[in-house]
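Only one structure is covered here, and it is reproduced in the block below.
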2 protein chains.
Amino acid sequence: MSQLSDKIADRSAIIGILGLGYVGIPLGLSVSNAGFKVLGFDVITERTEQLNRGESPIKHIKDSDISAMVASGFEATTDFSRTTECDALIICVPTPLNKSREPDLSFVTATMDSLAPYLREEQLLSLESTTWPGTTEQVLLPYVEKAGLKVGENFYLVYSPEREDPGNLNFSTQTIPKVVGGHTKACLAAGMDLYGTFIDTVVPVSSTAASEMVKLLENIHRSINIGLVNEMKIVADAMGLDIFEVIDAAATKPFGFTAYYPGPGIGGHCIPIDPFYLTWKAREYGLHTRFIELAGEINASMPQYVVEKTVRALNEVGKSLKGANVLALGIAYKRDVDDMRESPSVFVMELLREWGAEVAYCDPNVPVFPKMREHNFDLKSIVLTPETIASYDAVVLLTDHSDFDYEMIEKHASILVDTRGKYRNSSRQIIRA
Amino acid sequence: MSQLSDKIADRSAIIGILGLGYVGIPLGLSVSNAGFKVLGFDVITERTEQLNRGESPIKHIKDSDISAMVASGFEATTDFSRTTECDALIICVPTPLNKSREPDLSFVTATMDSLAPYLREEQLLSLESTTWPGTTEQVLLPYVEKAGLKVGENFYLVYSPEREDPGNLNFSTQTIPKVVGGHTKACLAAGMDLYGTFIDTVVPVSSTAASEMVKLLENIHRSINIGLVNEMKIVADAMGLDIFEVIDAAATKPFGFTAYYPGPGIGGHCIPIDPFYLTWKAREYGLHTRFIELAGEINASMPQYVVEKTVRALNEVGKSLKGANVLALGIAYKRDVDDMRESPSVFVMELLREWGAEVAYCDPNVPVFPKMREHNFDLKSIVLTPETIASYDAVVLLTDHSDFDYEMIEKHASILVDTRGKYRNSSRQIIRA
């Protein structure tokens, strides 16, 4: 592996990134910053052209960062034959679930189908997409072997899970430690070599399957802890207690407790999805992942809980939800992002509509309700004024963006449903949901 | 409340501590250190006499600390009529579960029965025992009202959960922030006043029920997180992965993940018990606490998992567990303590015996197997030598005390079953359990 190693050391290696989205683009920036020429691959021509023009498709990444990368030699292309120019190939494509909540590796296998004809000696192939333990060995390895390459001798195969946290200003791709597992020791060494050039701390583990499991455990941990506080919210509420007050007080314990907060459900591309990759694989071993299933069930039921709370609040003033005007505040899946993937706000909006409510929304980050595969709302974000707020029968706070004028909302909303504990110290009546 | 407040300020208040165990004794030391005269109450004469002689009944508390407290005026007594001398009464008695896993408040009510005749004006009563939300109001308050006292006017009632962590050298009673909830605002103020004299940070919450829920949430959080990694251990093991390696790598993520480690079950007086206090109370509201029940089930099944692993390992060398000599290493419930309460090691030993094994144990902190209500072993801790270790068919590491000679054990054990990941990097064959 001296040839690849030398090219990494002197930055003459060309790094290919496959999948130019929330993971691939920040990764490309980091690699480019480390002094490498980067080739970006995607199947969507609009995306590659946008990047080549120096424009960012992601809210929290600046155009100037993209154009600086282009100036340093970055090219985006849909032509996968150019992967043969690359010394390292890093796959960052989505790994969603299908309608039966089973792993959908079609983006990974489509990528492998596209690049397989061009694989060559002295290349490093790294998968970053979250997936079940064994994917690299059982899905990627056969492609490489079929190409006649000898993994660990003249080709290097690793798995290194992405740990992007969009909107987290405390950490960047470079400062978040990165886990790497290799198919062989030589593979691991090559992976450590490459990632070591642009990541401060690279953490080796003993196999690709171990590193696949690391990423799943991280997101399973979050899913279960959010599920737990969502269940505790329901119990606390029945007992007349404010779960946010309880959590904040518990968080003063300096060991043995980490605060997680409840909400209207869970969203984003990771937490609602990744855990089920393990559930699916575990079945092969005759095992059930009962915590994952319970958390999935409870988290998925939270939009319904929010709507029930809204129905009850309207009922108290003699109104039905049918025919009521309801304003949803915040439709991105978390604070201060524009990402709508798996957003629980949208599930709440759908339930409200199903009950017969007239639904409007306000989200400073999402001016127009986007086209989504599973959801259809022909809406634009409304402008918040004392008058517009007062015109709704109920206002439901779903995503607590920093930009909202919380005082104005508190003052003018008729019924105010709070799923984020934002109004935990309010003196007016608040519906905790 | 100026009279009580003044007495607290000038340290002329006498503080009564009811229940002289793992919580009451360290609390007494802190209160005494703050300059108060402390009266300790317990129903066990041996315990009060031992303390009055200046002897510590707890391994991690030194005799010299007890005798210093005695020199400062501390007295222990079984005479509850002396509670009337006290300006503050702090209850630290156990709150176990009965055989049906329902809350057993008999120690609390027995204490209240004993002190009720002596309650008087200008006293503060604080409950520290872990319990279901509503206990202070529904169980303690009626005693006080029956005594003709006016809570919030001439008597002060608070709940402030203990947060002791025996064996934790990083924190003391004084440096662990303490949550306090009062029955009224004046009660809360009195509680803040008292605790503020010997605790660095006192955290007020809005009610006694909220502070009761805080303590439960802390321990529920631990129970669920340990349950999760225990389930993940079983899945990882089936996939040929070492869960300890996976957890350590996940723990390199600088946000969103906290490491919890699996083991042979959960023990101690808190984590296996406290969560079910909420389960019981939630049923009153028609609610199930499904995470708590799942964690309880999985954690309680771990001793069986450990024994199954041992059976399989012996089976591999053509031996049955029946008739095998098995050595249990570590029988206290956690590292470097002598506390046997709810220790999963004992459940493992019982299962081994049930299968027909000859069971021995070694625990440097527990030289003789103590009398326990539910368990009966007529055993003394054996001495570990290369010869004794080699004489057992299987050695099962259950509690990873610092004092064990791990290298010697590794070298001489025939079959070595590791429930603590202590041998995760060993080059010899280890049975992960």
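Values quoted throughout were computed directly from the atomic coordinates according to the rules given, and no laboratory measurement underlies them. Note that the structure is a prediction, hence the values are computed from the model and not measured. FYI the Cβ positions are ideal-geometry reconstructions off the backbone, even for glycines, and counts take in every protein chain you see.
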- In the neighborhood of B:V139, defined by Cβ-to-Cβ distances under 13 Å, what is the net charge if each Lys or Arg adds +1 and each Asp or Glu adds -1? -3
- Task: Per residue of the stretch B:262-271, in order, report the coupling 6.51 cos²θ - 1.76 cosθ + 1.60 (Karplus, θ = phi - 60°) as ³J(HN,Hα) in whole Hz, putting x for Gly and Pro.
- Result: x, x, x, x, 10, x, x, 7, 9, 4
- Along the stretch A:335-352, what does the Karplus equation 6.51 cos²θ - 1.76 cosθ + 1.60 (θ = phi - 60°) give for ³J(HN,Hα), rounded to whole Hz, x for Gly and Pro? 4, 6, 10, 10, 7, 9, 4, 6, 5, x, 4, 5, 5, 4, 4, 5, 5, 4
- Query: Under the Karplus relation 6.51 cos²θ - 1.76 cosθ + 1.60, θ = phi - 60°, what is the ordered set of whole-Hz ³J(HN,Hα) values for the stretch A:115-124, x standing for Gly and Pro?
  - Reply: 9, 3, x, 10, 4, 8, 4, 6, 10, 10
- Packing-ranked peptide list from A:75-81, B:192-198, B:212-218, highest mean Cβ count within 10 angstrom first, is B:212-218, B:192-198, A:75-81
- Item | Sequence-distant residues sharing a close amide H with A:R335 (under 5 Å, placed H) | A:D400
- Under unit Cβ charges (Lys, Arg +1; Asp, Glu -1), what dipole magnitude, rounded to 20 debye, does the stretch A:2-206 have relative to its Cα centre? 200
- Item | Exam field: B:A110 pseudo-label spacings to other copies (7 Å along Cα-Cβ), nanometres | 7.0
- Considering only the label points, 7 Å along Cα→Cβ from Cα, what distances in nm to one decimal separate B:E284 from the same position in each other copy, shortest first? 4.9
- Computed for the stretch A:300-421: size of charge dipole around the Cα centre, +1 on C-beta of each Lys and Arg, -1 on C-beta of each Asp and Glu, debye to nearest 20, value 300
- What is chain A's relative contact order, in percent, from Cα pairs under 8 angstrom and six or more apart in sequence? 11
- Item | Averaged over A:127-133, number of beta-carbon atoms from partner chains that fall within 10 Å | 1
- Query: Is the shape of the protein assembly as shown rounded, prolate or oblate, going by the alpha carbon gyration tensor and its root eigenvalues a ≥ b ≥ c, with a/c under 1.5 for rounded and a/b larger than b/c for prolate?
  - Reply: oblate
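If Lys and Arg each add +1 and Asp and Glu each add -1, what is the summed charge of the other residues whose beta carbon sits under 12 Å from the beta carbon of B:T77?
Charge balance in the 12 Å sphere: -3.
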- Task: Put a label point 7 Å from Cα along the Cβ direction on A:N315, then list its distances to the equivalent points in the other copies in nm, shortest first.
- Result: 5.4
- Would you mind classifying chain A by shape? Square roots of the alpha carbon gyration tensor eigenvalues, ordered a ≥ b ≥ c; an a/c under 1.5 is rounded, otherwise it is prolate if a/b is larger than b/c and oblate if not. prolate
- Can you spot the aspartates and glutamates whose alpha carbon is less than 15 Å from B:K146's alpha carbon? Ignore those fewer than 8 places along the same chain. B:D113, B:E121, B:E137
- Note on the structure: Most exposed to least, judged by fewest other Cβ atoms within 10 Å, A:L97, B:L351, A:L397 sort to A:L97, B:L351, A:L397
- Under a Cβ-Cβ cut-off of 15 Å, what is the net charge of the residues other than A:A295 that fall near it, where Lys and Arg count +1 and Asp and Glu count -1? -3
- Task: Would you mind classifying the stretch B:2-206 by shape? Square roots of the alpha carbon gyration tensor eigenvalues, ordered a ≥ b ≥ c; an a/c under 1.5 is rounded, otherwise it is prolate if a/b is larger than b/c and oblate if not.
- Result: rounded
- Task: Quick one: which residues, 5+ away or cross-chain, put their amide H under 5 Å from the amide H of A:T77? H built at 1.01 Å from N.
- Result: A:G40, A:F41, A:D42
- Interchain or sequence-distant (5+) residues whose placed amide H lies within less than 5 Å of the amide H of A:A357 are A:G323
- Query: Setting aside same-chain residues fewer than 8 positions from B:K322, which lysines have a Cα under 24 Å from its Cα?
  - Reply: B:K309, B:K380
- Out of B:G330, A:I409, B:P272, whose Cα points farthest toward the positive end of the dipole of the protein assembly as shown (charges: +1 Lys, Arg; -1 Asp, Glu; placed on Cβ)? B:P272
- Task: Straight distance only, please: which lysines reach the Cα of A:K253 with their own Cα at less than 26 Å, same-chain residues fewer than 8 apart left out?
- Result: A:K233, A:K422, B:K59, B:K62, B:K178, B:K185, B:K215, B:K253, B:K281, B:K334
- Under the definition of partner shielding as Cβ atoms of other protein chains within 10 Å of a residue Cβ, what is the mean value for peptide B:287-297? 5
- Message: If you take each beta carbon of peptide A:279-286 and count the beta carbons of other chains within 10 angstrom, what is the mean?
- Response: 2
- Query: For the rotation bringing A onto B, which A residue has its Cβ nearest the axis, and at how many Å?
  - Reply: A:T258, 2
- Message: Sort A:87-95, A:263-271 by the packing proxy (mean of other Cβ within 10 Å over each peptide's residues), most packed first.
- Response: A:263-271, A:87-95
